[in-house]
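Structure first, commentary second.
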Ligand SMILES: *Cc1c(COP(=O)(O)O)cnc(C)c1O
């Protein structure tokens, strides 16, 4: 029984390779995170069988349940990519290989506490480069203070910046958001850049993304 997932995975990887080529970057410089939120564990197994290892989940309890159900898949890495409430930090701290939506010190402190005694959790600080008041993420101006405090926490390692800019069909505008995040990452000495989704991952790679988060192009539309 084929769902076409292996073909879609191959096609996304080919598009990533092309974007890397256009940007003059080695293909290994970009990690594909397959965003499996709201999709069944069976599809994750199928993607794993096709060679995929990095998976992204938005909701802490869903992450906890899937990690348990799929604990036999060796080398699978979970990326927690959604906003996190303090009381759910424990689920992420326990199973995640990286957290991509760090924008509150309270969450940072709790994550750090829960990782003490194990390896520090690699984190991407979420920045609001789209300037929308409803979106999560820190304002660029709030970064220095936030980084100063978060960098002191022993259970975390800040590895980069993350953003989910408002979707737009205006290519220049999308590039503008991605370029802004890259410049911030340079100026703050955080080389990781988690940016780009199904809609715009090629542009994100051309702008320097080290990690793209792609759901729909791999798993289809979500309900
Ligand atoms: C859902 C989600 C994605 C994936 O979006 P697609 O459009 O399905 O590729 C990426 N990043 C975040 C933070 C998400 O919530």
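Remarks
- Taking the stretch 179-197 as the range and being assigned to a helix (DSSP H, G or I) and either surrounded by fewer than 19 Cβ atoms within 10 Å (Cβ to Cβ) or more than 14 Å from the ligand (Cβ to nearest atom) (or both) as the test, the residues that pass are 179, 180, 182, 183, 184, 185, 186, 187.
- Test: residue in the stretch 81-90 that is free of Cβ contacts under 8 Å to residues at least 24 places away in the same chain, surrounded by fewer than 22 Cβ atoms within 10 Å (Cβ to Cβ) and away from the ligand (no atom under 16 Å from the Cβ): yes
- Single condition residue 159 does not satisfy, out of (1) away from the ligand (no atom under 16 Å from the Cβ); (2) over 20 Å from residue 32 (Cβ atoms); (3) in contact with a strand residue (DSSP E or B) (Cβ under 8 Å, 6 or more places away or on another chain): (2)
- Filter result for residue 75 (without any contact (Cβ under 8 Å) to a residue 24 or more places away in the chain and part of a loop (DSSP other than H, G, I, E, B)): yes
- Residue 107 being crowded, with 21+ Cβ neighbours inside 10 Å and assigned to a loop (DSSP other than H, G, I, E, B): no
- Any chance residue 47 is within 16 Å of the ligand (Cβ to nearest atom), buried (at least 19 other Cβ atoms within 10 Å of the Cβ) and under 26 Å from residue 191 (Cβ atoms): no
- Top-ranked residue in the stretch 198-217 [being buried (at least 20 other Cβ atoms within 10 Å of the Cβ) and near the ligand (Cβ under 8 Å from one of its atoms); ranked as nearest to residue 4 (Cα to Cα)]: 215
- Qualifying residue in the stretch 64-75 (condition: crowded, with 17+ Cβ neighbours inside 10 Å, within 16 Å of the ligand (Cβ to nearest atom) and under 26 Å from residue 166 (Cβ atoms)): no
- When 99, 146 are screened for being within 22 Å of residue 183 (Cβ to Cβ) and modelled with pLDDT of 95 or more, only 146 passes.
- Selected residue [more than 28 Å from residue 24 (Cβ to Cβ), without any contact (Cβ under 8 Å) to a residue 40 or more places away in the chain, surrounded by fewer than 18 Cβ atoms within 10 Å (Cβ to Cβ) and within 16 Å of the ligand (Cβ to nearest atom)] from 166, 120: 166
- Criterion applied to 27, 35 was being under 18 Å from residue 213 (Cβ atoms), modelled with pLDDT of 95 or more and more than 17 Å from the chain's Cα centre (by Cα), and the one residue passing it is 27.
- Residues (within 16 Å of the ligand (Cβ to nearest atom) and over 25 Å from residue 59 (Cβ atoms)) located in the stretch 5-40: 11, 13, 15, 16, 19, 30
- Only a single criterion out of (1) within 20 Å of the chain's Cα centre (by Cα); (2) not in a helix (DSSP H, G or I) is not satisfied by residue 3, namely (1).
The values are calculated or read from the model by the stated rules, or taken from the named source; none is laboratory data. Fair warning: this is a prediction, and the values are worked out from it, not measured in the lab. Reconstructed Cβ throughout: ideal geometry from the backbone, glycine too, with neighbour counts over all protein chains shown.
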